[in-house]
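J.: Pasting a structure below so you can have a look.
The values are calculated or read from the model by the stated rules, or taken from the named source; none is laboratory data. Remember, predicted model here, so these are calculated numbers, not experimental data. Note: ideal-geometry Cβ built from the backbone for every residue, glycine included; neighbour counts use all protein chains shown. Just so you know, the surface numbers come from the protein's heavy atoms only, side chains and all, with ligands and any DNA or RNA stripped out. Shrake-Rupley method; radii C 1.70, N 1.55, O 1.52, S 1.80 Å.
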Amino acid sequence: MRSIMPQRYGGVNKEVLAAGLAPVQCNRMNWTDRFAQRTRLMRRSAVRELLQVASQPGIISFAGGLPAAELFPISRVKAAAAAVLDRDRRALEEWFKGPHISAAKRKVEEALIARRKDAIARIFDLTRYPEENHGAVGQPEVDRLVDLVRKVWDHPAHFARTLFPDADVLARALEDDLGCLERCGAKPPEDLDSVEHWLARFDVLLARERMGVTQQQVEWNEAVDKYNSDEVLTSADKEEVACARATNDYRRMMGFKVLEVDERLVRAARKHSEEMKKLHYSAHESPVAENRSPSQRCAREGYPGANGENIAGGISNGEVAFKGWYRSSGHHRNLLGAFAQIGVGRFDDLWTEDFGASSTLRGRRIYDPSILYLGKLKKLDVKSASSEVELALWCRSQKLDDKVELHARAAVALDPENEKAHALLGEVKQSGKWVPSPKQGKHAGTTGGT
């Protein structure tokens, strides 16, 4: 696309006036047809300027000789503007799908690596981002540097446009086209509300997930993503999962490997949040001897060697918890630590996030009854009393007594006369009513399988 520098008269492009007002050879054509003929011959930039001029108040009387406003061929102008937009859109699409994409990938990756390097250096600089006062003195600069990374990461195609003048010219033309459509009262295509959003369709071509990381890390991230979304057995609730996901999204953007959600760490984190709430303290060191340190608490849940923890209070949801830790230097460094597993647990408004790198459950045989229970819970038919009884019996065999009662009562709710469920609850039928057994304690009923 070449640019033009048209002569102007009174702020109006003479080329536009000539196209819209000059007489044509065929006198028999009406004014609308003459105008349409002229606009078809106009350059795209001239069509855009015509729309700008036509939208100005009083232009009908200013031009002289134009028809009444209600006779202005706006429908044809809209069609011409839409045609220009379609051509410009296809031109920009061809740019991203053509040979330019390789150079775009290289330049975007170079920028992403350089910006990550600057941000990470500042985050781990204990002098300029100190522990004191949660690093408040250094937070503005950290925010600025991380935001530079995010601008590349969130919109790589839009960022690529800024690196290549020819792509930027095409994108600016498309932005002008959208403005022209708006000025003449036309709606843009549904998939083109803005050029920035439309360019997002080309983000996948730039493969940002592979930028600045090794192939080994790419494969790790893909495997962990699949594990966390489809395979992991965890009691983490929606907000705990959201917090872990926000942490992983940030790590990925900054070039660090993502973390496996680990149920042992989830339990340790949640129990610490509960203990802090009930004992009215907020610290990594517990007043309870056996829970003294994060590593001790995680070891009690079966995870050896945990070595990182974040805590927070007064938090409403997982995303807010992450943002709070992001804005605190020591917690921020934990978010980007050399870990492999993560567990987030909350109790009321208190949150704990535990990290480790010494033990994985992915691809391993699990022996922990509490984790195995989560797998069976996924397969439970909640509308079947016999399915509830079967799970209750399994829980009894694993000494998960609280779960036994939970599923036995669920079975009774579905089938009030289910004898196995009542037996699991230690109940017998007397005079047509189920009552506690006078001879047997709770869960002393059936001992066999289903």
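J.: Return the pairs, sorted by first residue and then second, in which the second residue is in a helix (DSSP H, G or I) and open to solvent by less than 50 Å² (accessible area, probe 1.4 Å), the first residue lies in the stretch 400-428 and is at negative phi and among the acidic types (Asp, Glu), the beta carbons are less than 6 Å apart, and the residues are 6+ apart or on different chains.
T.: Asp415/Ala385
J.: I'd like to verify a number: residues in the stretch 104-125 that are closer than 16 Å to Gly337 by Cα and touching a residue at least 60 places away in the same chain (Cβ under 8 Å), how many?
T.: Adding up the residues that qualify gives 5.
J.: Only residues in the stretch 304-316 that are part of a loop (DSSP other than H, G, I, E, B) count as the first member; pair them with residues that are among the aliphatic types (A, V, I, L, M), Cβ under 7 angstrom, at least 6 apart or cross-chain, and list the lot.
T.: These pairs meet every condition: Ala306/Leu265; Gly313/Leu350; Ile315/Ala321.
J.: Another question, then. When the stretch 166-193 is examined, which residues are found to be open to solvent by 30 Å² or more (accessible area, probe 1.4 Å) and in a loop (DSSP other than H, G, I, E, B)?
T.: Of everything in the stretch 166-193, those that are open to solvent by 30 Å² or more (accessible area, probe 1.4 Å) and in a loop (DSSP other than H, G, I, E, B) turn out to be Gly185, Lys187, Pro188, Pro189, Glu190, Asp191, Asp193.
J.: To continue, here is another question. Are there any pairs with C-beta distances below 7 angstrom linking a residue in the stretch 264-281 that is over 16 Å from Pro304 (Cα atoms) to a residue that is among the polar types (S, T, N, Q) and in a helix (DSSP H, G or I), with the two at least 6 apart or on different chains, and if so which?
T.: Glu275/Asn291
J.: Next question, about the same structure. For His155, only one of the following conditions fails: (1) free of Cβ contacts under 8 Å to residues at least 60 places away in the same chain; (2) under 22 Å from Glu109 (Cα atoms); (3) open to solvent by less than 40 Å² (accessible area, probe 1.4 Å); (4) not charged (D, E, K, R). What is its number?
T.: (3)
J.: Hey, among the residues in the stretch 283-311 that are among the polar types (S, T, N, Q) and under 30 Å from the mean Cα position of the chain (by Cα), which one's modelled with the lowest pLDDT?
T.: Of everything passing the filter in the stretch 283-311, Asn307 is modelled with the lowest pLDDT.
J.: What tally of residues in the stretch 419-450 results from selecting those that are at pLDDT below 85 and in contact with a helix residue (DSSP H, G or I) (Cβ under 7 Å, 6 or more places away or on another chain)?
T.: Let us first name the residues in the stretch 419-450 that are at pLDDT below 85, namely 438-450.
Subsequent filtering for residues that are in contact with a helix residue (DSSP H, G or I) (Cβ under 7 Å, 6 or more places away or on another chain) retains 443, 445-446, 449-450.
Going through the stretch 419-450 one residue at a time, the tally reaches 5.
J.: Can you find a residue that is open to solvent by less than 10 Å² (accessible area, probe 1.4 Å) and either among the basic types (Lys, Arg) or over 20 Å from Tyr303 (Cβ atoms) (or both) anywhere in the stretch 253-270? Explain how you work it out, then say what you get.
T.: Residues of the stretch 253-270 that are open to solvent by less than 10 Å² (accessible area, probe 1.4 Å), as a first pass: 253-254, 258-260, 262-263, 265-266, 268-269.
Going one step further and asking which of them are either among the basic types (Lys, Arg) or over 20 Å from Tyr303 (Cβ atoms) (or both), we end up with 253-254.
The answer is yes, given that some residue of the stretch 253-270 is open to solvent by less than 10 Å² (accessible area, probe 1.4 Å) and either among the basic types (Lys, Arg) or over 20 Å from Tyr303 (Cβ atoms) (or both).
J.: Here is a follow-up. Got a number for residues in the stretch 126-152 being closer than 18 Å to Trp325 by Cβ and either touching a strand residue (DSSP E or B) at 6+ places or on another chain (Cβ under 9 Å) or open to solvent by less than 40 Å² (accessible area, probe 1.4 Å) (or both)?
T.: Of the residues in the stretch 126-152, 9 are closer than 18 Å to Trp325 by Cβ and either touching a strand residue (DSSP E or B) at 6+ places or on another chain (Cβ under 9 Å) or open to solvent by less than 40 Å² (accessible area, probe 1.4 Å) (or both).
J.: May I pose another question? Could you please let me know if Val382 is within 22 Å of Gly308 (Cβ to Cβ) and either small (Gly, Ala, Ser) or under 38 Å from the mean Cα position of the chain (by Cα) (or both)?
T.: no
J.: Turning to a different aspect of this structure: Is it the case that some residue within the stretch 216-232 is part of a helix (DSSP H, G or I), of a type outside the set (A, V, I, L, M, F, W, C) and more than 22 Å from Gly363 (Cα to Cα)?
T.: no
J.: Within the stretch 127-148, count every residue that is part of a loop (DSSP other than H, G, I, E, B) and either in contact (Cβ under 8 Å) with a residue 40 or more places away in the chain or at positive phi (or both).
T.: The total comes to 4.
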